[in-house]
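Scroll down for the structure; my scribbles are underneath it.
The values are calculated or read from the model by the stated rules, or taken from the named source; none is laboratory data. What you see is a predicted model; the values in this text were computed from it and never measured. Please note: Cβ atoms are built from the backbone with ideal geometry, for glycine as well, and neighbour counts cover all protein chains shown. The protein model used for the area step is the full one, side chains on, heavy atoms only, and it has no ligands, DNA or RNA in it. Shrake-Rupley method; radii C 1.70, N 1.55, O 1.52, S 1.80 Å.
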Amino acid sequence: MFIEVLNIPSGTTVDEIDDLFCHMNIIDSIHVNEITHRGGQAVAWVELRCSQAGANAISERLDGRYFKGHPVSTYTALFLY
């Protein structure tokens, strides 16, 4: 399962996203990409080894949480294209 993390500041590192997820041992990978058309923002994709229900629960827990002074928005992706 993938969780998309939006509204994170530009320059955010993989290690900082890992900290946001409290170093969960179910994380397979983390990718952080700058959003060029939305200056100063980035998006992170976190791949988890868990069920849809588990990913939804994690996403709901993190949604709206403040990270580096910004309230993040999280969403559980059903698929990537």
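Observations on the structure shown:
- Distant-in-sequence amide H partners of Gln41 (H built 1.01 Å from N, under 5 Å): Ser10, Ile35
- Average accessible surface for the chain: 59 Å² per residue, computed with a 1.4 Å probe over protein heavy atoms with every protein chain in place.
- Cα-projected label distance for Asn25 with Gln41, points at 7 Å along beta-carbon direction, nm: 3.6
- For the chain, radius of gyration divided by Kirkwood radius, i.e. Rg to Rh on alpha-carbons: 0.93
- Helix 52-62 and the longest principal axis of the Cα set of the chain meet at an angle near 40°.
- Of all accessible heavy-atom area on segment 20-65, the percent that carbon and sulfur account for (1.4 Å): 48
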